[in-house]
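Just so it is clear, none of the values below were taken in a lab; they were calculated from the coordinates. Remember, it's a predicted structure, so these values are computed and weren't measured experimentally. Backbone-built Cβ (ideal geometry, glycine too); neighbour counts: all protein chains shown.
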Amino acid sequence: MSSGITVNGLTKRYGAVTAVDRLTFDVEPGKVTGFLGPNGAGKTTTLRMLLGLVTPTEGRALIDGRRYADLSEPRRAVGAVLETTGFHPGRRGRDHLRILALAADIPFSRVEKVLERVGLADAADRRVGGYSLGMRQRLGLASALLGDPNMLVLDEPANGLDPAGMAELRDLLRDLAGEGRTVLMSSHVLSEVAQTVDRVVIVAAGTLRYAGTLTELTSAKTETLEAAFLRLTSNQDTDPASGAAPASAHR
């Protein structure tokens, strides 16, 4: 069973620029957590540090208590989608997944299961170069699910999906969380996030603005997620724990 994600004092500096500044939050198993922030807030950098693609300047990001680099079978522990451009256009969708399965010593039978689960079974023999953006998103999600991981880290998984596709994604993510998995997703589609997540982590300018349940965030001031998001990301003096000013933004 997953013990979730722990981010503690996570910081990344590029010379004089601080992209992520002492972020601290937890992502619980059995729930869908939305990771939100405006462009340039440091979301992707944070996810890349979590997945060992970027080295933190300070702090740590742990998966089930360990760094990603220390996981013995990372594809079976974490399924991640950070972009949907890493596909060979001449390769068929099924073959793309089979190559990943072969590299991770995962049986090909698992390929068929994930194709079915993400709704891509009928297009599995088409070349990826002919896929729409939404279909590439589904293929990326299938890749993330291939190792049957306890944890999913998804960057903008709803990008390019039509309303039916977003509804299917919503149901899938909630089903996965219901199985006890840890699900962390970033998204700019706040209306969809509001229907999908249990908890939210909001960042702006690399700092934490809020971490807690969606219900607590929206009910305290009787506002929508969009209104709360705009309030928190436009006021740099906001307390990250409660949304009230003025308190340190770096707890």
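Using helices alone, I'd like the mean residue ellipticity at 222 nm for the chain: each DSSP H run of four-plus residues gives -39500 (n - 2.57), total over residue count, nearest 500.
-9500 deg cm²/dmol
Got a sec to turn the phi values of segment 120-130 into Karplus ³J(HN,Hα) couplings, 6.51 cos²θ - 1.76 cosθ + 1.60 with θ = phi - 60°, whole Hz, x for Gly and Pro?
10, 4, 6, 10, 5, 9, 8, 6, 4, x, x
Give me the three principal axis extents of segment 107-232 from the C-alpha atoms, as integers in angstrom, largest value leading.
50, 30, 26
Using θ = phi - 60° and the Karplus curve 6.51 cos²θ - 1.76 cosθ + 1.60, what whole-Hz ³J(HN,Hα) does each residue of segment 142-157 get, with Gly and Pro shown as x?
With coefficients 6.51, -1.76 and 1.60, one gets 4, 4, 5, 7, 4, x, 6, x, 7, 9, 10, 10, 10, 9, 6, x Hz.
Given a cut-off of under 8 Å on Cα pairs at least six residues apart, what relative contact order in percent is computed for segment 31-162? Can you show the working numbers first?
Values: 164 pairs, mean separation 39.4, N = 132.
After rounding, I find 30 percent.
Beta carbons within 10 angstrom, averaged per residue: use that to sort the peptides 40-50, 86-96, highest first.
40-50, 86-96
Between 189, 101, 163, whose Cα lies farthest towards the positive end of the dipole of the chain when Lys and Arg beta carbons carry +1 and Asp and Glu beta carbons carry -1, centred on the Cα centre?
It is 101, whose Cα lies furthest towards the positive end.
Quick one: plug the Kirkwood hydrodynamic radius of the chain (C-alpha pairs) into Stokes-Einstein at 37 °C, 0.692 mPa s, and report D in µm²/s.
177
If the chain between residue 73 and residue 112 were fully stretched, how many nm would it gain, using 0.36 nm times the residue separation less the Cα-Cα distance? Write down the numbers at each step before the final one.
Working: separation 39, 0.36 × 39 = 14.04 nm, distance 2.11 nm.
Result for the pair: 11.9 nm of gain on full extension.
Hey, what did the chain get for relative contact order, percent, Cα under 8 Å, at least 6 apart?
26
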